[in-house]
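Colleague: Have a look at this one before I ask anything.
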Amino acid sequence: MELLDAMAQGGHEQVIAVQDDATGLRGWIALHHTRRGPTYGGIRVWDYRNGGEAALDALRLSQTMTYKCVLAGVQGGGAKTVIVSNWLRDRRGAVRELGRRIEALRGVYRAGPDVGFDHNDLRILAETTRYVAHHHKGVLRPAEEATAEGAEAGIRAAMARLDCNDLDGARVAIQGLGAVGMALARRMVRAGAEVIGADPRAAACEHASNLGVRLVDVAEILSVEADVLAPCALGGVLHNISIPRLRCRVVAGVANNVLASSYLSPLLSERGILFLPDFVINAGALIEGAGHEATGRSDWSAEIQGIGGTVTRLLESCDRHGLTMVEAAHEYAGAILDAEENAREREETEAALSR
Ligand code: NAD
């Protein structure tokens with residue numbers, strides 16, 4: 001699809017192409033919605049087949065970030081940077097150059113980490129731009145801790161809905177024991193859950209095993225019998241082939257875009273599986289980072305725990321209107337955005353009339 005058509009379809013405001021010969025930096029910065037304040041979105045470095053595929057990913061991910069901000073109560077909009085990894089020649093130089101491009105946007109966009117872009121990259125980025133989201137510098141806890149706290153709140157709300165008010169004895173399967181998967185595993189073990197995990201990295205497995213996590217092969221984790229399955233690795237892991245194999249009651253999407261397509265969410269409902277959309281339950285770090293930046297306050301636990309309340313509200317809306325959780329979340333966020341847009345237009349009209 002042509003880029004401008006795809007932007008029009010998703011309601012995107014701006015897409016910036018970034019290119020630097022010296023370092024091999026090639027990618028896009030997509031700004032989906034700038035009218036609610038700064039835009040937030042991670043930087044993804046990925047082996048895209050070509051620039052077109054990268055652009056479409058940036059559009060998809062930045063739109064989801066707008067929904068995430070709205071549902072998390074963050075006064076901001078969605079953005080995303082995607083970088084084509086196979087062009088990179090000088091990674092450090094490329095990250096520094098990307099920082100300069102982000103700095104030139106004068107705060108419209110606050111960048112964070114995402115797949116393929118870790119805390120070290122973020123430190124390098126901060127050498128050339130002030131606009132780094134959730135750069136804790138010893139003030140905030142690591143982003144994954146805040147993310148895991150929000151995911152736990154969402155999981156508890158979903159389990160309460162299934163008449164299980166305690167995670168003690170519940171079985172939780174975690175795909176990916178990286179930053180956020182490990183933080184969630186620690187929380188689940190502390191809550192008394194039986195935790196099963198998988199990761200291709202031996203060091204991560206050893207660490208998790210020391211926490212009390214029972215390990216299974218990466219090929220098995222999605223079909224483990226469990227109360228909750230939390231995909232914490234990559235997006236797109238739930239598709240036509242994997243969904244029929246699931247043996248869980250709840251999928252708590254923590255990795256961004258767990259569903260290969262939002263059109264697949266009815267497939268989960270048909271199987272009686274409650275799907276918690278990732279953009280609802282993985283907003284903990286966004287809430288903490290954006291909140292700290294706006295106010296200087298560093299403890300955002302109360303707001304992060306509010307993710308549980310959002311899940312409960314969306315579940316009620318699903319019941320009332322016969323929607324899936326993904327549909328309910330899109331509808332709820334869309335209604336808030338429409339109401340804000342109408343109010344803004346009214347204010348602008350009144351201001352023009354009074355001049
Ligand atoms: P990470 O790179 O630290 O961890 C990912 C882990 O998944 C790695 O340990 C990797 O070895 C493992 N993995 C890869 N393929 C796997 C497979 N097939 N089976 C099992 N494990 C596999 O990344 P992260 O920061 O923990 O983020 C994980 C996901 O959560 C990403 O999609 C990210 O966008 C999303 N997310 C993270 C945060 C955060 O605060 N870190 C916030 C919101 C969303």
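The values are calculated or read from the model by the stated rules, or taken from the named source; none is laboratory data. It should be emphasised that the depicted structure is a prediction, and the values quoted were computed from it without experimental measurement. We place every Cβ from the backbone using ideal geometry, glycine too, and count neighbours over all the protein chains shown. When the accessible area is computed, the model is the full protein with side chains, heavy atoms only, and any ligands, DNA or RNA have been set aside. Shrake-Rupley method; radii C 1.70, N 1.55, O 1.52, S 1.80 Å.
Colleague: Taking A343, is it free of Cβ contacts under 8 Å to residues at least 12 places away in the same chain, in a helix (DSSP H, G or I) and either in contact with a His (Cβ under 9 Å, 6 or more places away or on another chain) or open to solvent by less than 60 Å² (accessible area, probe 1.4 Å) (or both)?
Modeller: Yes, satisfied.
Colleague: Let me ask something additional. Name, by its number, the condition in (1) open to solvent by 30 Å² or more (accessible area, probe 1.4 Å); (2) in a helix (DSSP H, G or I); (3) within 16 Å of the ligand (Cβ to nearest atom); (4) of a type outside the set (S, T, Y) that does not hold for I336.
Modeller: (3)
Colleague: Follow-up. So the check is Cβ under 8 Å with 6+ separation or different chains; which pairs have a first residue in region 200-214 that's assigned by TED's automatic domain parsing to the domain that holds V189 and a second one that's of a type in the set (D, E) and away from the ligand (no atom under 14 Å from the Cβ)?
Modeller: Close Cβ pairs (under 8 Å, with a partner that is of a type in the set (D, E) and away from the ligand (no atom under 14 Å from the Cβ)) amount to R214/E194.
Colleague: Looking at (1) open to solvent by 10 Å² or more (accessible area, probe 1.4 Å); (2) at pLDDT 95 or above, which is the one condition that is false for N50?
Modeller: (2)
Colleague: I would also like to ask the following. Test D199 against the stated conditions and say whether it is within 13 Å of the ligand (Cβ to nearest atom), on the phi < 0 side of the Ramachandran plot and either at pLDDT 95 or above or charged (D, E, K, R) (or both).
Modeller: yes
Colleague: Among the numbered criteria (1) under 19 Å from A158 (Cα atoms); (2) in contact with a helix residue (DSSP H, G or I) (Cβ under 8 Å, 6 or more places away or on another chain); (3) surrounded by 15 or more Cβ atoms within 10 Å (Cβ to Cβ), which one does S269 miss?
Modeller: (2)
Colleague: While we're looking at this one, here's another question. Which members of region 98-117 meet the condition of being over 18 Å from G37 (Cα atoms), without any contact (Cβ under 8 Å) to a residue 60 or more places away in the chain and not small (G, A, S)?
Modeller: R100
Colleague: Here is a further query. Within region 137-194, count every residue that is more than 9 Å from the ligand (Cβ to nearest atom), under 29 Å from L125 (Cα atoms) and open to solvent by 40 Å² or more (accessible area, probe 1.4 Å).
Modeller: Within region 137-194, residues that are more than 9 Å from the ligand (Cβ to nearest atom), under 29 Å from L125 (Cα atoms) and open to solvent by 40 Å² or more (accessible area, probe 1.4 Å) number 4.
Colleague: Take the residues in region 273-293 that are among the aliphatic types (A, V, I, L, M) and not in a helix (DSSP H, G or I), then tell me which one is surrounded by the most Cβ atoms within 10 Å (Cβ to Cβ).
Modeller: A283
Colleague: Now a separate question. Residues that are touching a helix residue (DSSP H, G or I) at 6+ places or on another chain (Cβ under 8 Å), crowded, with 17+ Cβ neighbours inside 10 Å, part of a loop (DSSP other than H, G, I, E, B) and assigned by TED's automatic domain parsing to the domain that holds V258: does region 312-321 have at least one?
Modeller: So far as region 312-321 goes, no, none of its residues is touching a helix residue (DSSP H, G or I) at 6+ places or on another chain (Cβ under 8 Å), crowded, with 17+ Cβ neighbours inside 10 Å, part of a loop (DSSP other than H, G, I, E, B) and assigned by TED's automatic domain parsing to the domain that holds V258.
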